[in-house]
């Protein structure tokens, strides 16, 4: 249930009060503390921290990032200090800011997902969990959790049982029909969906005549994926409407980009890759949304959510 607050952007979602609908995306904002040197994180609707595994991970060898004409490819390999170090050392510092904190969860098998989720469920200061299901399932031959609806359902169903906190699933776009995996998550009682994760891509050095990433392929993010994210959000909202909260992510660099996500059906948005070249991008989008709402004569942000679906083609 969504409850409107008194000002233009604030509302209650998942039983949590958000100052605004602008979040930072996992991976591109690290754990927030680096950017806290530039501005007060309390201005943000939410911070989604970098993905957490049970044990520390060193990630992939270099090269791990390659620029593309409209974004970037990354193959960081989910480098992180492990969930316990996050809870003991990083979370206490992040809690000093008046913003909502979502922890991104991943694992190589169901057992690791469950172990990480259990640690975060009891961690004071973590408001909710976001599942990264684009990870390979080592027990099923490396197939991504997010590409097989049955496997995804089982994972979400089990995690739903062990956490009382809001459970969001970040869906992979590397599938034929996004509704198949969205349906699996909804059936397993996920609280909301995050659309979309990165697209699988590749870049080749024409002089060296070899792949530019050490792992050959990586995740494509940035402006290039905006139309794909908007399309998938539109499809999911078209089926479920406001009954399934959608958090839009993918290609957002400006207020206009964010509005495309919102008009397609996103009740909140996440800014990712843009943070690398403009860490103030989230603040600019927050102000831009206020200006747009006032210009259009609306009384609240939520009046924009899904509005593109009201347009009829004649």
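Each value in this text was obtained by applying a stated rule to the coordinates, not by laboratory testing. A quick note: this is a predicted structure, and the numbers were derived from the prediction, not measured. Virtual Cβ from ideal backbone geometry, glycine too; neighbours counted across all protein chains shown.
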Q | Relative contact order (percent, whole number), the stretch 47-197, Cα cutoff 8 Å, 6+ residue spacing | A | 19
Q. Using only helices, what value at 222 nm comes out for the chain when you add -39,500 (n - 2.57) per DSSP H run of length 4 or more and divide by the total residues, to the nearest 500 deg cm²/dmol?
A. -8000 deg cm²/dmol
**Q.** Computed label-point distance, nm, for sites residue 143 and residue 17 using a 7 Å Cα→Cβ extension
**A.** 4.6
Q. For the stretch 180-293, what is the relative contact order in percent, using Cα pairs closer than 8 Å and at least 6 residues apart in sequence?
A. 23
(Q) What's the ranking of 125-131, 29-35, 90-96, 57-63 by average number of surrounding C-beta atoms within 10 Å, highest first? (A) 125-131, 29-35, 90-96, 57-63
Q.
Suppose the chain between residue 36 and residue 175 were pulled fully straight at 0.36 nm per residue; how much longer would it get relative to their current alpha carbon spacing?
A. 46.4 nm
**Q.** Centroid-to-centroid separation of the stretch 40-69 and the stretch 261-314 [C-alpha atoms, Å]
**A.** 24
Q | Net length gained if the chain between residue 208 and residue 158 were fully extended (0.36 nm per residue, minus Cα distance) | A | 13.3 nm
Q. Using a ≥ b ≥ c from the Cα gyration tensor of the stretch 165-295 (square roots of the eigenvalues), is it rounded, prolate or oblate, where a/c under 1.5 gives rounded and otherwise the larger of a/b and b/c decides, a/b for prolate?
A. oblate
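Counting only DSSP beta bridges with both residues in the chain, tell me the antiparallel percent, nearest 5.
On the way: 21 of 48 bridges.
Among the beta bridges of the chain, antiparallel pairing accounts for roughly 45 percent.
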Q) Tell me, what is the FRET efficiency for residue 63 and residue 96 to the nearest 0.05, using R0 = 45 angstrom and their Cβ-Cβ distance as r? A) 0.80
Q | nm² value of the averaged projected area, convex hull over the Cα atoms of the stretch 219-303 | A | 5.6
**Q.** Structure-derived percent of Cα pairs over 26 Å apart: which label, when the choices are (1) 46; (2) 56; (3) 42
**A.** (3)
Q. In percent, what relative contact order does the chain have, based on Cα pairs under 8 Å that are 6 or more apart in sequence?
A. 17
